[in-house]
Amino acid sequence: MCGIIGYLGYRDAYPILINGLKKLEYRGYDSSGIAVFYDNVYNLYKTKGRVHELEKKIFSCKKQVKGTTGIGHTRWATHGIPDDINAHPHVSNSNGIIMIHNGIIENYYAIKIILLKNGFTFKSKTDTEVLVNFIEYIKKENKFSLEKAVRISLNEVVGAYSIAVIEKSHPETIIIAKLGSPLSLGINNEEFFVASDPISFIDYTKNVLYLKDGEMAILKKGEKLDLRKIKDNHKLNPVIEKLKINLKEIEKGKYKHFMLKEIYEQPKTILDTLRGRLLIPEKIICIDGIESNKEIFLNAKSITIIACGTSWHASLIGEYLLEELTRIPVEVEYASEFRYRNPIIEKKDVIIVISQSGETADTLAALKLAKNKGAFVFGICNVVGSSIARNVDAGAYTHAGPEIGVASTKAFTAQITVLVLLALIIGKHRSTIDDFRYKFLCKELGSIPEKVDHALKMDDAIKKISQVYYNVDNLLYLGRGINFPVALEGALKLKEISYIHAEGYPAAEMKHGPIALIDENVPVVIIATRKGCYEKIIGNIQEIKARRGKVIAIINEGDIQVHLLADHVIEIPNISEILSPLITVVPLQLLAYQIAYIRGKNIDQPRNLAKSVTVE
Ligand code: M6R
């Protein structure tokens, strides 16, 4: 993951780099660093920890960081522990080339051996320090310009990267390149802004170029952008786009954390996902990407959905939805498993990839594999213009707006919303749903934002429950049918931000093993809504209670039966079972948040995690 930033222009680089890095911290926050260039000298600062630690360190040096060219980095450690030495930027042996890098150089070890044999030494454990020295080696051996040395070196590299490189003696030039990791370039008159994510330079320009894989750009002060292919140096025409991000969307506003803001945004984000796609009075659903490829979906013998993490949980819900409403068999795959097991894909097979960021390396690689084998790939992404969105044959954006909290919440409900729409459209065309049910579900879908709003009102009750259980070591999450993936998602949310061990299970599986864990110290969160195996769920609750287990039940309003059995209940509005994950997940998100809050954890940036997993 990692976030990279660069600036070349006429303003002071330092504040631009620091502010940009703060916006990129969601990509990694193990360590950070900057290098700012002034005449032929540069100031390099790096430190373990977050960007504010870096600011403190620089402030304590009592030196003004002068210069109008600079690069910066916030790290999610891959090679080498998070410490000052492994932090970026990295500097070549001669002290002449300085580089930042996001990605992994897979053949770094082989390159390192060559460099060691040629007298190079290394301070850090990083693959980045190997690459910057490799560039220096190629440059010196062949008397190449930096630009040529970067290009030739990158042609030898296996792996993924987005890099920015500067030569101490030429601080008026930055060279950037990309393969597999995201890289965008902001352009504003005489200024260039380089970043892993354009949100870090949106304050300065909305003109953005998204570099494609295999491209590099030479940025020179006062000169036009020079975009080239890394492979053969072929000159390319840059395509500049206009950024469409609203600044308010990337601010916390009245909320303590982005995660809480994003949980509370869900009535609006679900509405945004439905906007212009579900026409409620007419009961018409229309999504362009589906409409123009309707025949492909209608003729699909099977559908495979591929994703990671929370998006994988949404995919499991998609499996229930699509099979129920379209009667097309659906398989769900972890992207990381799918791509390495020589999957059987035939021409015209339908693959759906789901990703909030649109940059997840495994999902992107799985999508490319499926496309190479001739499959039709449909994408469900949140980030507009992301790599996955650009590589699929067709797709639908979730329109949930920027999700900053590392723990995904509003993106999840937006993904499910798109899957519901997809299942309803295909089901209607295949006549696998009758008209009455179709219209009924359309109407209910339209009522979801209001019902989610209602579910959010349980926050105070959830706070009280959290006070009771915030100190436990383990929790079980149970659900049945379409709410089984919601149990998985609830457990993942809790693990990610509170560091409490939690597992999700299909409720009926409990008696095949997990029941051995249950005693008064292992609370069980159970989704016990009235529809779908309700009686069986009541049986499961009885089994837990018989073993002195504590039960926190998500129930429908007015459900007396579970109320009397459970230790705590969280009431949510009634809805058809097939749409219920859009509501049942909300109290689980809040429960994870409130427990993590009481435990005093860093909710938006949990340890060891990053928002966008761009390494394999
Ligand atoms: O951006 P993506 O949806 O592809 O990300 C997939 C996972 O990395 C992501 O959902 C992760 O599990 C989140 N931290 C979950 O909260």
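The values are calculated or read from the model by the stated rules, or taken from the named source; none is laboratory data. Please read all numbers here as calculations on a predicted model, not as lab measurements. Positions of Cβ are backbone-derived with ideal geometry, glycine not excepted, and every protein chain shown enters the neighbour counts. Quick note on the areas: whole protein, heavy atoms, side chains included, nothing else; ligands and nucleic acids left out. Shrake-Rupley method; radii C 1.70, N 1.55, O 1.52, S 1.80 Å.
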### Task
With all distinct Cα pairs included, what does the Kirkwood hydrodynamic radius of region 360-502 come out to in Å, to one decimal, could you say?
18.2
### Query
If each Cα of region 457-603 is one equal point scatterer, what is log10 of I(q)/I(0) from the Debye formula at q = 0.20 Å⁻¹?
-1.24
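So what is the relative contact order of region 440-591, in percent, for Cα pairs below 8 Å that sit 6 or more residues apart? Can you show the working numbers first?
On the way: 263 pairs, mean separation 43.7, N = 152.
Answer for region 440-591 is 29 percent.
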### Summary
In Å, the C-alpha Rg and Dmax of the chain are 25.6, 81
### Task
Round to the nearest 10 and give me the degree value, 0 to 90, for the angle of helix 534-545's Cα axis relative to the longest principal axis of the chain.
80
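Using DSSP to call loops (not H, G, I, E or B), can you name the trypsin sites (Lys or Arg not before Pro) in region 232-306 whose Cβ has at most 16 other Cβ atoms within 10 angstrom? Walk me through the numbers on the way to the answer.
On the way: sites: LYS235, LYS242, LYS244, LYS248, LYS252, LYS254, LYS256, LYS261, LYS268, ARG275, ARG277, LYS283, LYS294, LYS301; in loops: LYS244, LYS252, LYS254, LYS256, ARG275, ARG277, LYS283, LYS301.
Counting only loop positions with at most 16 other Cβ atoms within 10 Å, the trypsin sites (Lys or Arg not before Pro) in region 232-306 are LYS244, LYS252, LYS254, LYS256, ARG275, LYS301.
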### Task
For each pair in LYS56/LYS221; LYS347/LYS611; LYS48/LYS143; LYS212/LYS242; LYS168/LYS212, compute the distance between the two Cα atoms and list the pairs where it is over 25 Å.
LYS56/LYS221; LYS347/LYS611; LYS48/LYS143; LYS168/LYS212
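Defining a contact as two alpha carbons under 8 Å apart and six or more residues distant in sequence, what relative contact order in percent does region 251-456 show? Show your work: numbers first, answer last.
Numbers: 373 pairs, mean separation 59.1, N = 206.
The value is 29 percent.
Over its Cα atoms, what ratio of radius of gyration to 2.2 N^0.38 Å does region 251-456 give? Mind dumping the intermediate values first?
On the way: Rg = 16.5 Å, N = 206, 2.2 N^0.38 = 16.7 Å.
Dividing the Cα radius of gyration by 2.2 N^0.38 Å gives 0.99.
Can you give the relative contact order of the chain as a percent, counting alpha carbon pairs under 8 Å and 6+ residues apart?
12
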### Query
What lysines sit close enough to LYS536 to cross-link, taking a C-alpha to C-alpha distance under 21 Å and skipping anything fewer than 8 places away on the same chain?
LYS511, LYS545, LYS550
### Task
May I ask for the distance between the Cα centers of region 430-489 and region 508-586, given as a whole number of Å?
12
### Task
Enter the angle in degrees (range 0 to 90, nearest 10) between the Cα long axis of helix 127-142 and the first principal axis of the Cα atoms of the chain, meaning the one along which they spread out most.
30
### Task
List the aspartates and glutamates whose Cα lies under 15 Å from the Cα of LYS148, skipping any in the same chain that are fewer than 8 positions away.
GLU136, GLU156, GLU167, GLU215, ASP226, ASP232
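Classify region 45-181 from the C-alpha gyration tensor, please: rounded if a/c falls under 1.5, else prolate or oblate depending on whether a/b exceeds b/c.
Numbers: a/c = 1.73, a/b = 1.37, b/c = 1.27.
Because a/c hits 1.5 or more and a/b exceeds b/c, region 45-181 counts as prolate.
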### Cα coordinate range in region 71-114, projected on the principal axes (Å, largest first)
28, 25, 16
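When the accessible area of region 457-603 is split by element with a 1.4 Å probe, what percent falls to carbon and sulfur?
Of the solvent-accessible surface of region 457-603, carbon and sulfur hold 51 percent.
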### Summary
Of the listed links LYS254/LYS410; LYS410/LYS495; LYS451/LYS601; LYS57/LYS139, those spanning more than 23 angstrom between alpha carbons are LYS451/LYS601; LYS57/LYS139
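Let me check I have the definition right: for region 140-249, take the eigenvalues of the Cα gyration tensor, multiply each by 5, take square roots. What are those semi-axes in whole Å, largest first? Intermediate results must be reported in sequence, preceding the final value.
Numbers: eigenvalues 124, 49, 29 Å².
Over the Cα atoms of region 140-249, the ellipsoid semi-axes are 25, 16, 12 Å.
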### Bridge type composition, the chain - antiparallel percent by DSSP, nearest 5
65
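Where only protein heavy atoms count, and the probe is 1.4 Å, what is the accessible area per residue for the chain in Å²? Intermediate values should be presented prior to the final figure.
Details: 24370 Å² over 616 residues.
Heavy-atom accessible area per residue stands at 40 Å².
Rg/Rh for region 3-245: what does it come to with C-alpha atoms and Rh from Kirkwood? Show your work: numbers first, answer last.
Numbers: Rg = 16.3 Å, Rh = 17.5 Å.
Ratio of gyration radius to Kirkwood radius for region 3-245: 0.93.
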### Accessible area of TYR597 in the full protein assembly, 1.4 Å probe (Å², nearest 10)
100
